[in-house]
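Input: a single structure, listed below in structure tokens.
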Amino acid sequence: MARRDVRHGRRRARLLPLVLLLCLVVAAAAVWRYDVLDRWLDPAAPTDPSAIAPPEELSLPPVVDPSAVAEEPAGGPVAAQAVRRAIARALRDEDLGPHVVAAVGELDGTGVLARIGPKGPLPVPASTTKVVTAVAALLAMDPDTTFSTSVVEDGPRGIVLVGGGDPLLASEPTRAGGDEDRAVWPDRADVRTLARETAAALKAEGRTRVRVGYDTSLFSGPADNPRWRADYVPDGVVSPTTSLWVDEGRPAEGFGRVADPALTAATVFAGELSRRGIQVVGVPRERAAPDGATELASVTGAPLSQIVEHVLAVSDNEAAEVLLRHVGLATEGVGSVEAGRRGVVRLLGEAGVDLGRTRLWDGSGLSRQNRMEPAALLDVLRLAASGEHPELRAALTGLPVAGFTGSLTDRFDTGAPEGRGRVRAKTGTLTGVTSLAGLAVDRAGRTMVFAMFADKVPVEDTLGARDAMDAAAAALGACRCG
């Protein structure tokens, strides 16, 4: 009985491939039969599904070509009279106050095509200053430049946390665990990761007990800009500028800014070391890193181009001030406000921009003593768009899009709707000041650069003034300015 079962098993094994082959042949024949039969019965039948008519009982509208999303670019020059007609009404709004200055020019042109307002005292630019700072930073450094924060040896018992001027250094990973609430752009380097790598390096050397110092010597001069209002730093409006901080000097909980951003960063770092089995003796103290010290670990932040885009998109005051210090380092080897200011003037002058009577005392536009020549700002925008300077492009791609991104996300909800998406601009806001500067594309595809300022706005009219400024810029997008 067992021998017969074996024979039957072998026979079934030999039949299995034949059965599979037969199934494949039948399936192929079915496909062939339906295809060939259909072609034989109706050789003129269309093979393209879209060419098959719908059933008689179904009524469908005729297919028509969709209308163009945008008009064909008309080309040709921008007409000064058309520009003035487009923006004049909005800029006469009483909410803007008695001192309104605006300048508009062609992107591919020179000078000012249309100007509104007095030619006397220059206006306060507020945060449109950041456009100048951004372009100068990209002239001073390669767009791929990155800034690193490191930890170095300090004898057998100590280490030093060295600030490298990374404006976006974070206290903890921003994408830890895939938490979408912590996902930010651009990616940040962080001291928790730095502490983990430092602890591993110390343990590899057999060290589990250290003193922690921190070095902020990369930047020099006053951390609190003397041209700012005296209450800005004490009231937590802005952080004192330092080459070492986490979260731009903001506290882990609550609002405002911490009193000593560098010490706070070092304290956070020391706490992370302790959690990784390294005993920290005492409290962190400021100390210059020894010359030629051995590096234990480092973390590197986002490239300069992404930092510039971030600064312009969200109007980041702290990061803009750090960029100004880096301009000073790149041009004079000194990370101070004064070196940065001189570097901005020199770099832009060498690139062909005449700043004229412009006076900028900081990188963020917080100073009320800043003054901007409107024509100079137009030339800075043209320089950023120049085909000869592709390295400056981040200064344009970072500009918020009206009604869609950055500081313009919730704006341009009044005025001509055509302005939404056709205007990219940097905002500027101080008490009594509203400004806007950037690019606008009219309905015929002509691209213009513009700068608009109002610096005597009644406080109670702040929101109305902002809407009026938006309406003026939106009018450039809505007009046919040829």
Q | Helix-only CD estimate at 222 nm, as mean residue ellipticity for the chain, using -39500 (n - 2.57) per DSSP H run (n ≥ 4) | A | -11500 deg cm²/dmol
Q) Can you give the Kirkwood hydrodynamic radius of the chain from its Cα pairs, in Å with one decimal? A) 26.5
Q: Write down the Kirkwood hydrodynamic radius of segment 368-460, to one decimal in angstroms, obtained as one divided by the mean of 1/r over all alpha carbon pairs.
A: 14.2
Q) With contacts defined as alpha carbon pairs under 8 Å and 6 or more residues apart, what's the relative contact order of segment 198-345 in percent? A) 28
Q.
With a cap of 16 neighbouring Cβ atoms within 10 Å, and only residues DSSP puts in a loop, list the trypsin sites (Lys or Arg not before Pro) found in segment 345-401.
A. ARG357
Q. Roughly how many Å² is the accessible area per residue of segment 413-482, as a whole number, for a 1.4 Å probe?
A. 33
Q. Using a 1.4 Å probe, what is the accessible area per residue for segment 276-411, in Å²?
A. 39
Q) With charges set only on the Cβ (+1 for Lys and Arg, -1 for Asp and Glu), what does the dipole of the chain come to about its Cα centre, in debye to the nearest 20? A) 1400
Q) What lysines sit close enough to LYS456 to cross-link, taking a C-alpha to C-alpha distance under 17 Å and skipping anything fewer than 8 places away on the same chain? A) LYS119
Q. Taking LYS130 as the anchor, which lysines have their alpha carbon closer than 18 Å to its alpha carbon, excluding any fewer than eight residues away along the same chain?
A. LYS426
Q: Give me the percent of the accessible area of the chain that comes from carbon and sulfur atoms, probe 1.4 Å, all protein chains in place.
A: 54
Q) Relative contact order for the chain: what is it in percent, counting Cα pairs under 8 Å that are at least 6 residues apart? A) 23
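The values are calculated or read from the model by the stated rules, or taken from the named source; none is laboratory data. None of the values given here were measured: they were computed from a predicted structure. Using ideal geometry, Cβ is built from the backbone for each residue, glycine included, and neighbour counts are taken over all protein chains shown. The area values use the complete protein model at the heavy-atom level, side chains included, leaving out ligands, DNA and RNA. Shrake-Rupley method; radii C 1.70, N 1.55, O 1.52, S 1.80 Å.
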